[in-house]
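So the structure is just underneath, and the comments pick up after that.
The values are calculated or read from the model by the stated rules, or taken from the named source; none is laboratory data. Note that this is a predicted model, so its numbers are computed, not measured. No Cβ is skipped: glycine too gets one built from the backbone with ideal geometry, and neighbour counts run over all protein chains shown. Only protein heavy atoms, including side chains, enter the accessible area calculation; ligands, DNA and RNA are left aside. Shrake-Rupley method; radii C 1.70, N 1.55, O 1.52, S 1.80 Å.
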Amino acid sequence: MAEPLLQVENLYTQFRRADDTVYAVNGVSFSVDPGEVVGIVGESGSGKSVSMMSLLGLVRGNAVVKVDRARFKTYDLKKLGSHALEDIRGREIGVVFQDPMTSLNPVMRVGDQVMEAMMAHHYATPKAAFQRTLDLFHEVGIPEVVNRFRNYPHEFSGGMRQRIMIAIAVACEPELLIADEPTTALDVTVQMQILALLQELKERRNMSIMMITHDFGVATNFCDRIMVMYAGQIVESATVQDFIARPAHPYSLGLKASILEMGSRNRELVPVPGLPPVVTRPPTRCSFAERCTFAIDRCREELPALRMLESGHLVACHRSEEVISRAG
Ligand SMILES: Nc1ncnc2c1ncn2[C@@H]1O[C@H](COP(=O)(O)OP(=O)(O)OP(=O)(O)O)[C@@H](O)[C@H]1O
Ligand code: SF4
Ligand SMILES: [Mg+2]
């Protein structure tokens, strides 16, 4: 089997605040294979963005990041300084940030921003970068490329800005694209166009994609594998087929039930009543226990470890066997 493109073991991120500490990411481990599309789903605040941003050296605020292993290709991300990390980010790992308006420079013409992404990484000379920017605009479906090159971000619609973000992220032909909610806030038609575009780019370049999304329909239609996060932990990871056929975590079971009930498109991920916790202590018990209809005393005493049910299917739940039999 090919080596994973990205391998992460035991990632922790904490934010120190004046009165307490937020335990945003609590021992996350995963890997991504070349050409694989992984969907990361989970409710708001479950640690999806912070996990990815921690790996890329982009967490803001008073953050402490620890990780046992963070290997991308032959690079040890843990040991890289901020300049080297910045160089990999953008050149070999493309990132589409959650909010395009905060990541595009409002006073710089968009064409220049795409060109700059290439030139900053010495990927192309100014002349080649100009031509390649026009080609990229064409590739991501921006019409009238020469005129549009000179526009500023506010002159574009939300969907067009998202396409520009994707153009910047893939400008240097990265092997991994991390896309944080690339289709949220777009109407369904534009959403489908963006997903088709990502699919095409993935196939043409054998690019791996990690896609963070609230939309379970997008995750199941677009991804090979789904990772579910809850309270800063991965609670289930499975191929889309296994996930639909044999969800093994009660939260995933709720997701499946809500899809059957309401259809798969544009479903917000609140399938189980209650709110996710803000974790201000290191977890020592199952964080989902308050909302879980399967909870037993053990769940309130012992943190369930992520364990393998079968090849490629991982779950963190003391009662996953019962959950699977309920799903069937
Ligand atoms: N700079 C920060 N300072 C303090 N807490 C933070 C900071 N950034 C994130 N957090 C907290 O870390 C936790 C995880 O946040 P994160 O942004 O990863 O959530 P998310 O899963 O991406 O949610 P969403 O779906 O809303 O984007 C949340 O409780 C959040 O409030
Ligand atoms: S460990 Fe217990 S509380 Fe947590 S999800 Fe499983 S059954 Fe529910
Ligand atoms: Mg987020």
Exercise for the section: Only residues that are in contact with a helix residue (DSSP H, G or I) (Cβ under 8 Å, 6 or more places away or on another chain) and within 16 Å of ligand 3 (Cβ to nearest atom): list them for segment 5-20, please. Expected result: 11, 13
Practice task
Only residues in segment 176-200 that are at positive phi count as the first member; pair them with residues that are in a helix (DSSP H, G or I) and not hydrophobic (A, V, I, L, M, F, W, C), Cβ under 7 angstrom, at least 6 apart or cross-chain, and list the lot.
Solution key: 185/158
Completion exercise
residue 75: passes all of (1) over 13 Å from the mean Cα position of the chain (by Cα); (2) within 16 Å of ligand 3 (Cβ to nearest atom); (3) over 30 Å from residue 284 (Cβ atoms) but (2)
Exercise for the section: Go through the residues of segment 98-118 one by one and say whether even a single one is closer than 23 Å to residue 6 by Cα and within 16 Å of ligand 1 (Cβ to nearest atom). Expected result: yes
Fill in the blank from the handout: Contact list, first residue from segment 287-310 and of a type in the set (Phe, Trp, Tyr), second anywhere and within 16 Å of ligand 3 (Cβ to nearest atom), beta-carbon distance below 6 Å, six or more apart or interchain, is 288/230
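Yes/no per residue for (1) among the polar types (S, T, N, Q); (2) over 20 Å from the mean Cα position of the chain (by Cα):
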residue: 123; (1), (2): no, yes
residue: 145; (1), (2): no, yes
residue: 152; (1), (2): no, yes
residue: 177; (1), (2): no, no
residue: 189; (1), (2): yes, yes
Completion exercise
Residue hits (segment 1-38; of a type outside the set (A, V, I, L, M, F, W, C), touching a residue at least 40 places away in the same chain (Cβ under 8 Å) and within 13 Å of ligand 1 (Cβ to nearest atom)) are 12, 13, 14, 16, 17, 20, 21, 23, 26
Exercise for the section: Of the conditions (1) in contact (Cβ under 8 Å) with a residue 60 or more places away in the chain; (2) of a type in the set (Asp, Glu); (3) away from ligand 3 (no atom under 16 Å from the Cβ), residue 173 clears all except one; give me its number. Expected result: (1)
Practice task
Could you look through segment 21-54, keep only residues that are open to solvent by 30 Å² or more (accessible area, probe 1.4 Å) and away from ligand 3 (no atom under 16 Å from the Cβ), and pick out the one that is farthest from the chain's Cα centre (by Cα)?
Solution key: 23
Exercise for the section: Could you check residue 72 against (1) over 17 Å from residue 5 (Cβ atoms); (2) more than 14 Å from ligand 1 (Cβ to nearest atom) and say which number it fails? Expected result: (1)
Practice task
Report those helices (runs of 4 or more DSSP H) wholly inside segment 59-140 carrying at least 1 residues which are buried (at least 17 other Cβ atoms within 10 Å of the Cβ) and without any contact (Cβ under 8 Å) to a residue 60 or more places away in the chain.
Solution key: 82-91, 110-120, 126-139
Exercise for the section: Please determine, by comparing only the residues of segment 270-326 that are small (Gly, Ala, Ser), closer than 24 Å to residue 44 by Cα and not in a helix (DSSP H, G or I), which one is most open to solvent (accessible area, probe 1.4 Å). Expected result: 305
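Is it fair to say residue 173 is assigned to a helix (DSSP H, G or I) and open to solvent by 30 Å² or more (accessible area, probe 1.4 Å)? Give the derivation first.
Numbers: assigned to a helix (DSSP H, G or I): no; open to solvent by 30 Å² or more (accessible area, probe 1.4 Å): yes.
For residue 173, the condition - assigned to a helix (DSSP H, G or I) and open to solvent by 30 Å² or more (accessible area, probe 1.4 Å) - is not met.
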Exercise for the section: Give the number of residues within segment 187-244 that are open to solvent by 30 Å² or more (accessible area, probe 1.4 Å) and hydrophobic (A, V, I, L, M, F, W, C). Expected result: 5
Completion exercise
With criteria (1) part of a loop (DSSP other than H, G, I, E, B); (2) among the small types (Gly, Ala, Ser); (3) at pLDDT 95 or above, residue 238 comes up short on (1)
Completion exercise
When (1) open to solvent by less than 10 Å² (accessible area, probe 1.4 Å); (2) farther than 24 Å from residue 148 by Cβ; (3) of a type outside the set (S, T, N, Q) are applied to residue 167, the one that fails is (2)
Problem - Hey, residue 26 away from ligand 2 (no atom under 16 Å from the Cβ) and either touching a strand residue (DSSP E or B) at 6+ places or on another chain (Cβ under 6 Å) or β-branched (Val, Ile, Thr) (or both) or not - result: no
